[in-house]
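Asks: Take this structure, written in structure tokens, and hold onto it; I'll ask about it next.
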Amino acid sequence: CPVPGRTALSIWDIDPVCSKQRSRGIKAMLPGKSAPLLGAAPATSEPAEAKSDVHSPTNGAKTGAKGESSSEPRQQLKTLLRSKFGSTAAAWRLEIDPKWTGCIHSGQFLLLLDKFCFNGSPKKLWEELSRGRPVITYEDVDAESFKALNKFRGLLIDRFGWLARAWSEGLDVDRLGRLDLEEFLLSTRELGIADNLAKRVFKLCLARQGQRLLTVEDLQMLLIGVHQDDMAALWAGPGTGSSPTAASGAKPTPGMVQLHNGSPRRHAEEVTNQHHSKDVNVRDLDKFKQLLIGKYGSLWSAWRQGMDHDKNGIVTQQDFARGCQFLGVKAVNKLWLGLDVLELGYITLKELDPEVAELFAELEKRLLENFPNRKEGWRKTFDPENRLHCDLQAWRSGCTRLDFRGGKGRSGGGAERLFKLLKPEPGRSHLTYEDLWEDEDPNDFT
């Protein structure tokens, strides 16, 4: 086995040279015909018509008789970046230009192509992208996505002045700290932005494959193509610093450390700082709550899954420290003092999220006033068809039956607000009984 811990082999492990030649189109790969083993006598030559219609398994492009791909190298690169990172913007922001320089030189670019296992011609790709220049930009890689990000950023800047304000006042109107695609489209429609542009920008802002929610940090993708001197003002408003890292609020990405002549101590400090820059640097409650929402989907879900493991309604300092250790958060004592202001030695949901605690307590009270127990109340109010889950429409109907308005001082809208606050995981569009209460008898639903 080539890698310790692996439990499977692939053709790349057994015959890497031949597999690489086939993926590049050097060797024909005809469907329905097995290739000869290494060292075996060569078979009869294939007819020229068969050799002229072969496919590369990696790039998915049709190759000619000489094994050259008929698709453009730029398109091959875009397909490769989307398959590895989800979008070309995520690839540019996280791997190609993590330091916000706005461009990349040929030497660095060729090293990245080798890292990405690009199967086309690096020389032809560079000539197509650079057009004789010493550097390339994101616009050269994906002009359509670059125009979409520019247009969307311009619309937000024209209305709100800077991006952080656009997030808080125009996009995240419910102050949940995250947006799925449906919520994002609702906000952009209110701003008069077309759905096709909003959908494209939403996908471009996702930082990794499988991500389904946007946070304010993901909006940093809109800074791609902006000059370094203008980044801070466009992100946080006039009068802020000029550093792109300060503008985005992101941690600097570790790069290659240069050994300073005559100063090995400074070199050692830089290496140490690079190592610790990968730590989760959360030192205030607001950032800690954003981290919980990004990980679990909501503070309610974080409370139930990451802190209150025994489901007794309280979290001790030891439980809290264990949850922070799982997340990689080190400032445990400082965060705990901010939550346990009464110094009781434990916290409840009210200290973590007062709004959810108030709304959920009101809902539970009305449920128990009308039914003998929570489970029967759930089944008859929110799940009368026994589908074992409750979507937003069924949730609204159930809250109407209970005359739940959303706590004190609310005239309406509390049901939908509570549904969003109770979201059990990123991207889920329904709730179950187990998301709200511990199911002591799972067989009761059968």
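The values are calculated or read from the model by the stated rules, or taken from the named source; none is laboratory data. Quick caveat: nothing in here was measured; it's all calculated off a predicted structure. No Cβ is skipped: glycine too gets one built from the backbone with ideal geometry, and neighbour counts run over all protein chains shown. Remember, those area values only see protein heavy atoms, side chains included, never the ligands or the DNA or RNA. Shrake-Rupley method; radii C 1.70, N 1.55, O 1.52, S 1.80 Å.
Asks: For GLY294, what charge total do you get from the other residues with a beta carbon under 9 Å from its beta carbon, if Lys and Arg give +1 and Asp and Glu give -1?
Replies: Spelling it out: positives minus negatives among the neighbours equals +1.
Asks: Using amide H atoms built in the peptide plane, which far-off residues or other-chain residues are under 5 Å from ILE136 H to H?
Replies: So ILE136 has HN proximity to ILE104.
Asks: Using the Kirkwood radius over Cα pairs, work out the Stokes-Einstein diffusion coefficient for region 288-354 at 25 °C and 0.890 mPa s, in µm²/s as a whole number.
Replies: Once the numbers are plugged in, D ends up at 208 µm²/s.
Asks: Ok, one more. So what's the projected area for region 183-232, the Cα convex hull averaged over all directions, in nm²?
Replies: Approximately 4.2 nm², given one-decimal rounding.
Asks: Rg to Rh ratio, region 94-243, alpha-carbon atoms and Kirkwood radius?
Replies: 1.00
Asks: Karplus couplings for region 89-100 from phi (6.51 cos²θ - 1.76 cosθ + 1.60, θ = phi - 60°), rounded to Hz, Gly and Pro as x?
Replies: 5, 5, 5, 5, 6, 8, 10, 6, 10, x, 9, 6
Asks: Let me ask you something else. Considering Cα pairs under 8 angstrom that are at least six residues apart, work out the relative contact order of region 120-190 and quote it in whole percent.
Replies: 14 percent
Asks: Please list, in chain and number order, the residues 5+ apart from VAL282 or on another chain whose amide H is under 5 Å from its amide H, with Hs placed from the backbone.
Replies: Here LYS330, ALA331 satisfy the definition.
Asks: Which of the trypsin sites (Lys or Arg not before Pro) found in region 133-232 are in a DSSP loop and have at most 10 neighbouring Cβ atoms, other than their own, within 10 Å?
Replies: Passing sites in region 133-232 are ARG175.
Asks: Which of the residue pairs LYS115/LYS287; LYS99/LYS289; LYS123/LYS147; LYS311/LYS420; LYS115/LYS147 have a Cα-Cα distance greater than 23 Å in the structure shown?
Replies: Pairs exceeding 23 Å: LYS115/LYS287; LYS99/LYS289; LYS123/LYS147; LYS115/LYS147.
Asks: Ranked by accessible surface with a 1.4 Å probe, highest first, in what order do ARG131, ARG366, ARG265 come?
Replies: Most to least solvent-accessible, the answer reads ARG265, ARG131, ARG366.
Asks: Relative contact order of region 296-366, please, whole-number percent, based on alpha carbon pairs below 8 angstrom and at least 6 residues apart.
Replies: Relative CO of region 296-366 lands at 30 percent.
Asks: To continue, here is another question. So, taking all protein chains as they sit and a 1.4 Å probe, how much accessible area belongs to SER168, in Å² rounded to tens?
Replies: So the heavy atoms of SER168 present about 40 Å² to solvent.
Asks: Using Stokes-Einstein with the Kirkwood hydrodynamic radius over Cα pairs, what translational diffusion coefficient do you get for region 313-446 at 10 °C and a viscosity of 1.306 mPa s, in µm²/s rounded to a whole number?
Replies: Answer from the Stokes-Einstein relation: 96 µm²/s.
Asks: Further question: Based solely on C-alpha atoms, express the radius of gyration and the Dmax of region 336-410 in angstrom.
Replies: Using the Cα atoms of region 336-410, the pair Rg, Dmax is 15.4, 46 Å.
Asks: If you average the sequence gap of Cα pairs under 8 Å that are 6 or more apart and divide by the length of region 316-417, what percent do you get for the contact order?
Replies: Value for region 316-417: 17 percent.
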